[in-house]
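What follows is one structure encoded as structure tokens, with my remarks underneath.
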Amino acid sequence: MAAIRQKTTAFLLTEPHISHTEGMTLPNRAAVSRREYLKAAVAVGGTAGLAACMEELDADEPIPTGGDSLPDRQHAWNDTLAVDDGNDIPPKHHVLRYVNLTEGVGPADAREPFADALASFTDAIAWGPEGLLFTVGYSPAYFDRFDESLPESVDLPAPRELPGPESDVTLDEVDLVVHLASDRPDILLVAEEGLFGERAEVNGVELPDLDGLFAFPEYDRRTGFVGAGLPADNQDIRGISGEPVPEEAPFFMGFRSGFAESQPTEDRVTLTEGPFAGGTTQHAETLDIQLNAWFSQENHHQRVAKMFSPEHAREEMIEGVGENLGSATGVVPEAMEDLVDKARDEGVVGHAQKAAAAREDGEPIILRRDFNTTDEEQAGLHFVSLQQAIEDFVTTRNAMTGEAIAEGSGVGPRVNNGILQYVFVRNRGNFLVPPRELQSMPTPTGTIE
Ligand code: HEM
């Protein structure tokens with residue numbers, strides 16, 4: 001098992017610090033499309049990334065101003081999203097910032113300035129994909145420093161390796177993670193500069209100085225994108241030959257995802273009891289995707305069988321990237337039952353079919369907010385999910401792993417077992433996303449003195 005706590009470099013905010021993704025440089029502008037260039041600017045980050053974004057986008061385009069009253073739930077994003085065919089369209093660009101409190105700085109020291117900074121942002125920038133959406137989540141390691149424990153109403157275990165073919169998973173135990181999302185890459189970078197860099201104002205709103213409060217682990221910045229065209233534009237990475245990713249695909253593996261009927265409501269994933277009622281738990285993991293193998297070893301029929309179900313392939317239910325599905329995958333209740341028998345008969349079982357077996361009362365129990373990445377020049381997915389309890393993620397992930405299927409049929413632990421032959425978990429972490437009033441350095445009891 002890899003290191004439990006990521007090494008912390010004592011990078012204080014006294015050094016202007018929006019960390020750059022190690023080794024990333026901006027591509028030659030003339031050699032790439034606009035979409036690819038903007039995505040690269042987010043991945044590079046910092047002042048260089050922001051300058052590139054501003055130059056590329058109309059620098060005069062104003063950042064929409066905020067100031068409206070915001071939902072009590074930090075994770076209440078859906079009402080702001082565009083809807084297509086009944087499906088919520090996620091923001092296009094994302095950054096996850098992993099942050100520690102500097103040694104010697106306690107939550108009580110950071111609470112007020114951080115709260116002020118977050119409030120300033122929501123005053124300055126509109127809440128929504130045209131502006132900025134964000135959540136702040138706190139890890140079990142953050143809560144460990146207090147004498148009190150989290151209440152029973154919060155299920156937030158330390159991250160761990162899960163059953164199935166996993167190895168070398170880095171377990172993220174930084175104090176907090178900030179998930180920033182926007183359709184506009186320049187706004188993401190402005191937000192990062194305001195929170196973790198040297199920017200002192202946005203849209204005329206002054207930002208408090210957070211100097212010295214935060215320290216950054218070695219790998220503190222995970223970036224990505226989602227939406228038709230972006231994966232195709234960003235497939236020119238290590239190990240991928242040709243251009244296998246279809247232009248219309250919003251995700252690297254070539255299919256639409258996040259259909260309305262395979263996502264729960266925000267209500268379903270919200271804590272209903274205790275001091276953190278109105279909050280949720282967040283799981284964030286990175287999966288490397290062996291994209292070249294996925295496209296070269298399989299044809300459309302096989303990919304459909306492994307991603308959805310053998311029946312989807314046989315009945316030719318998926319055209320192209322799956323636009324024709326509307327708002328539901330068409331995985332019917334019968335397709336989720338007796339998976340071991342089905343695997344024995346068919347010799348293959350689908351990812352969506354297995355994951356849907358974790359539904360409760362017909363509704364999925366985790367809300368996926370995942371996005372593609374090319375961090376470290378590796379095609380992958382930052383899988384972010386929200387659920388009432390981390391156990392709901394574990395239940396769903398175990399369904400995806402399908403251990404009983406692997407033991408009871410010719411389907412292997414990876415081979416023909418959904419997409420497991422092609423995806424490898426690199427790191428994972430668990431966090432509590434408190435309701436907005438407790439979003440800055442909460443205590444485990446939810447009382448802020
Ligand atoms: C590279 C990795 C992954 C890819 C490309 C992927 C892709 C997909 C696709 C195309 C679907 C069907 C369409 C839809 O979303 O409605 C789906 C469904 C789903 N996936 Fe994944 N997925 C990945 C990893 C994961 C992981 C790690 C989990 C967590 C355990 C997960 C959980 C689910 C769930 C819960 C559903 C919906 C099942 C239902 O209909 O109830 N997926 N995924």
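Listing for the model above:
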{"item": "Shape box of the range 248-343 [Cα atoms, principal axes, largest first, Å]", "result": "51, 31, 28"}
{"item": "Expected-Rg normalisation [2.2 N^0.38 Å, Cα atoms] applied to the chain", "result": "0.95"}
{"item": "Listed residues GLU193, GLU152, GLU261, most fluctuating in the chain (Gaussian network, C-alpha, under 10 Å)", "result": "GLU152"}
{"item": "Amide H contacts of GLY380 (H built 1.01 Å from N, under 5 Å, at least 5 apart or other chain)", "result": "ILE289, THR373"}
{"item": "√(5λ) per eigenvalue of the Cα gyration tensor, the range 350-449, largest first, Å", "result": "31, 18, 11"}
{"item": "Extent along principal axes [Cα atoms of the range 58-186; Å; largest to smallest]", "result": "46, 42, 31"}
{"item": "Accessible area (Å², per residue) of the chain, counting only protein heavy atoms and a probe of 1.4 Å", "result": "40"}
{"item": "Top positive-direction residue, dipole computed over the range 345-438 with Cβ charges, set THR373, THR401, VAL349", "result": "THR373"}
{"item": "Percent accessible area from carbon and sulfur atoms, the chain, protein chains only, probe 1.4 Å", "result": "47"}
{"item": "Residue-wise HN-Hα coupling along the range 121-134, computed from phi with Karplus coefficients 6.51, -1.76, 1.60 (Hz; x: Gly, Pro)", "result": "4, 6, 5, 7, 10, 4, 7, x, x, 6, x, 9, 10, 7"}
{"item": "Separation of alpha-carbon centers, the range 309-331 and the range 42-86, rounded to whole Å", "result": "32"}
{"item": "Ordering of 46-54, 248-256 by burial proxy (mean other Cβ atoms within 10 Å per residue, highest first)", "result": "248-256, 46-54"}
{"item": "Cβ-placed point charges (K, R +1; D, E -1), dipole of the range 85-135 about Cα centre in debye, nearest 20", "result": "140"}
{"item": "Size of electric dipole in the range 147-205: Cβ of Lys, Arg +1 and of Asp, Glu -1, about Cα centre, debye, nearest 20", "result": "280"}
{"item": "Coordinate range along principal axes, alpha carbons of the range 188-328, Å, largest first", "result": "58, 43, 29"}
{"item": "Distant-in-sequence amide H partners of VAL433 (H built 1.01 Å from N, under 5 Å)", "result": "TYR138, THR280, THR281, GLN282"}
{"item": "Most positive-pole-ward Cα, LEU118, PRO165, THR445, against dipole of the chain from beta carbon charges", "result": "PRO165"}
{"item": "Cα pair count fraction exceeding 17 Å, expressed as % - the range 290-418", "result": "62"}
{"item": "Shape parameters for the range 171-246, alpha-carbon atoms, Rg then Dmax in Å", "result": "16.7, 48"}
{"item": "5 Å-binned pair-distance histogram of the range 95-134 (Cα, whole percent)", "result": "6, 19, 19, 23, 17, 11, 5, 1"}
{"item": "Packing rank of 96-109, 386-399, where each peptide gets the mean count of other beta carbons within 10 Å, highest leading", "result": "386-399, 96-109"}
{"item": "Charge dipole (debye, nearest 20) of the chain; +1 at Cβ of Lys and Arg, -1 at Cβ of Asp and Glu", "result": "1040"}
{"item": "Long-range amide H partners of LEU213 with built H, under 5 Å", "result": "LEU13"}
{"item": "For the range 313-319, Karplus couplings with θ = phi - 60° (6.51, -1.76, 1.60), whole Hz, Gly/Pro x", "result": "6, 4, 8, 6, 7, 10, 8"}
{"item": "Centroid-to-centroid separation of the range 276-302 and the range 136-199 [C-alpha atoms, Å]", "result": "19"}
{"item": "Projected-area mean, the range 203-285, by convex hull of Cα positions, square nanometres", "result": "10.6"}
{"item": "Helix 185-196 vs. the chain, principal-axis angle (Cα, 0 to 90°, nearest 10)", "result": "50"}
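The values are calculated or read from the model by the stated rules, or taken from the named source; none is laboratory data. Treat the numbers as computed from the prediction; the structure is a model and nothing was measured. In this analysis, Cβ positions are derived from the backbone assuming ideal geometry, glycine residues included, and neighbour counts consider all displayed protein chains. Accessible surface is based on the protein model in full, side chains and every heavy atom, while ligands, DNA and RNA are left aside. Shrake-Rupley method; radii C 1.70, N 1.55, O 1.52, S 1.80 Å.
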